[in-house]
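The values are calculated or read from the model by the stated rules, or taken from the named source; none is laboratory data. All of these numbers come straight from a predicted model, not from anything done at the bench. We place every Cβ from the backbone using ideal geometry, glycine too, and count neighbours over all the protein chains shown.
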Amino acid sequence: MPPTAPFGFYWGDDAYGVARGPDALAARLAGDGPSLDRVRLSGSATTAEEIAEKVATATLFGGGTLVVVAEPAPLVSTKPLAARMVETLAAVASGNGLAFVDTVDGTAKRPASLEHLRNAVAAAGGEVREFKAPMQDGMARWIADRARERGISISPPAATELARRVGANVRERDVNRSRQGEMAVAELEKLALYRIDGQIGPEDVKALVAEAVPGSTWAFLDAVGLRRADVAANLAEKLDDVPGPVIVVQLHRRIKELIDVADLLAIGTPAGALVRILKIHPYVAGKLAEQTRTWTLPELDAAMAGLLEMDAVLKSREGSSASRRRAAISLWIAEKVCRPSQR
């Protein structure tokens, strides 16, 4: 059933789509009349009372007002605040509209209060829509669609290459994909200026678009577990925004998991029993068992000891610099992760 009320809630890990979510609402409310004035507010810098003040008065002349509230979580962080926000929906006057936009990074669980607000918007007859960042072939098709909207000619191989270069081919679950769409559109428009009268080809993309594969701690830890030292070193360079001590903690957890699995397998424990004994998901158990086979127990013990040394370095005054941090992690990978035959 199509939305009938002047409300919308647009959310997801595609910042490009989320930001443009209210466009359809604005067009529907305007109809054949003047376009609505848009007022953009931030959930952290406004109140339900301020929002109600802007939408409660009907416009006598011209178009109405569409208030777009970005990141509304602070407005519903407590039950009284959430109740006032729901009351605000009833205050929207004819000709006006109220929309919420919430961009998520795909790696963290959102507050339940936001789901309650989404449900309230839906119950009031508003539009609730999720925008998911496309991946791999989906991103290539998405780029082709954006190109057609802009009258830009791009070949399918070029769209595929652009999708790869903005990071759409990365499969790991903890990757923040929220800006990939915006990045792809920006690069597409840049390429259009380069090929004003022709079709954008894959060689144009390779020449003008830098690779921006997002860093992923999951991919990094899996590369360490599988002893793919070159891949691990490359991914470590992309984790500059992750504090050194946090990386040590994550590595410590992975190496400890591998030691636990290796100990159990060494005494003849069936791989299928790992789920019950370690209380982990079957997928995780299978992955850890696969990674454990690339190590010996002495090598895992040495890797754990090396982490303690790296932690001491990173916590020292000299280890606080970015260059020292990168050097310490690279050295640990070279000495402890790299297979002896590859050194």
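Key figures
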{"item": "Filtered residues of region 118-149 (kept if surrounded by fewer than 21 Cβ atoms within 10 Å (Cβ to Cβ), under 18 Å from the mean Cα position of the chain (by Cα) and aliphatic (A, V, I, L, M))", "result": "Met135"}
{"item": "Matching residues, region 221-236, being in contact with a Lys or Arg (Cβ under 8 Å, 6 or more places away or on another chain) and part of a helix (DSSP H, G or I)", "result": "Leu221, Asp222, Val224, Gly225, Ala229, Ala236"}
{"item": "Criterion (under 30 Å from Glu211 (Cα atoms) and surrounded by 14 or more Cβ atoms within 10 Å (Cβ to Cβ)) met by exactly one of Ala233, Ala303, Ala327, Ala262", "result": "Ala233"}
{"item": "One residue from Lys279, Lys315 being at positive phi and under 32 Å from the mean Cα position of the chain (by Cα)", "result": "Lys279"}
{"item": "Inter-residue pairs, beta-carbon under 7 Å, first modelled with pLDDT of 90 or more and in region 78-105, second part of a helix (DSSP H, G or I) and of a type in the set (Ser, Thr, Tyr), 6+ apart", "result": "Ala82/Ser113"}
{"item": "Residue count, region 196-220 (criterion: within 20 Å of Val313 (Cβ to Cβ) and in a loop (DSSP other than H, G, I, E, B))", "result": "0"}
{"item": "Lone unmet requirement of (1) exposed (fewer than 15 other Cβ atoms within 10 Å of the Cβ); (2) of a type outside the set (S, T, N, Q); (3) modelled with pLDDT of 90 or more for Val284", "result": "(3)"}
{"item": "Qualifying residue in region 16-29 (condition: at pLDDT below 95 and among the aromatic types (Phe, Trp, Tyr))", "result": "yes"}
{"item": "Among (1) over 31 Å from the mean Cα position of the chain (by Cα); (2) in a loop (DSSP other than H, G, I, E, B) - the single one Leu239 does not satisfy", "result": "(1)"}
{"item": "Contacts under 6 angstrom Cβ, first residue in region 241-267 being assigned by TED's automatic domain parsing to the domain that holds Ala302 and over 14 Å from Pro298 (Cα atoms), partner of a type in the set (D, E, K, R) and surrounded by 13 or more Cβ atoms within 10 Å (Cβ to Cβ), 6 or more apart", "result": "Gly244/Arg325; Val248/Asp311"}
{"item": "Per-region count, region 135-156, residues on the phi < 0 side of the Ramachandran plot and at pLDDT below 90", "result": "2"}
